[in-house]
């Protein structure tokens with residue numbers, strides 16, 4: 001907008017002219033003009049979705065003797081303050097994707113895992129690209145090493161290129177009502193008496 005700024009000889013400019021000069025879409029141009037056309041902005045716009053831009057006379061009177069800029073104040077996040085939280089949030093998302101994929105697969109090749117996480121990550125970060133997310137194979141490998149060190153996943157000893165998820169949830173203990181029922185039964189066996197001995201009876205217990 002600097003080269004199209006109004007001057008004493010040029011007091012207004014059409015939004016359509018800005019669209020043609022910049023090659024941007026009308027939606028993006030109108031979004032960029034919002035900070036300049038607010039109530040205290042230096043410009044006025046005749047129509048919310050287009051129209052003509054003019055200098056805001058009231059803002060000029062209030063700022064008499066001061067330098068007024070068409071460049072709006074920066075409203076982006078402080079990169080230094082949010083860099084740590086952004087990186088931590090990205091690592092958490094990647095780790096969750098890794099665990100989610102490995103839970104559904106018994107074993108998975110590390111290259112296949114990296115590709116799947118990267119593909120899902122691209123769709124997940126498509127809707128939050130303004131937050132500075134971007135995924136690479138290096139990020140995924142770094143998170144895989146982190147999960148290996150934490151003991152959430154492991155490599156097979158005979159085939160180290162395969163990874164599997166280690167369940168940290170305890171196995172469910174059987175309920176007392178679900179214990180197998182054991183019954184004992186006494187069976188009586190009779191032996192045919194012989195001439196040399198009297199009748200003998202033997203019993204033994206079995207369970208089933």
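Within region 104-122, identify whether any single residue is assigned to a helix (DSSP H, G or I), surrounded by fewer than 12 Cβ atoms within 10 Å (Cβ to Cβ) and modelled with pLDDT of 90 or more, and answer yes or no. Yes, region 104-122 contains a residue that is assigned to a helix (DSSP H, G or I), surrounded by fewer than 12 Cβ atoms within 10 Å (Cβ to Cβ) and modelled with pLDDT of 90 or more. Residues being modelled with pLDDT under 75 and either more than 18 Å from the chain's Cα centre (by Cα) or exposed (fewer than 12 other Cβ atoms within 10 Å of the Cβ) (or both) are represented in region 82-100 by at least one member.
For the structure I just gave you, tell me whether residue 19 is in contact (Cβ under 8 Å) with a residue 40 or more places away in the chain and surrounded by 13 or more Cβ atoms within 10 Å (Cβ to Cβ). When the stated conditions are applied, residue 19 does not pass them.
The values are calculated or read from the model by the stated rules, or taken from the named source; none is laboratory data. Computed from a predicted model, the values in this text were never measured in an experiment. We place every Cβ from the backbone using ideal geometry, glycine too, and count neighbours over all the protein chains shown.
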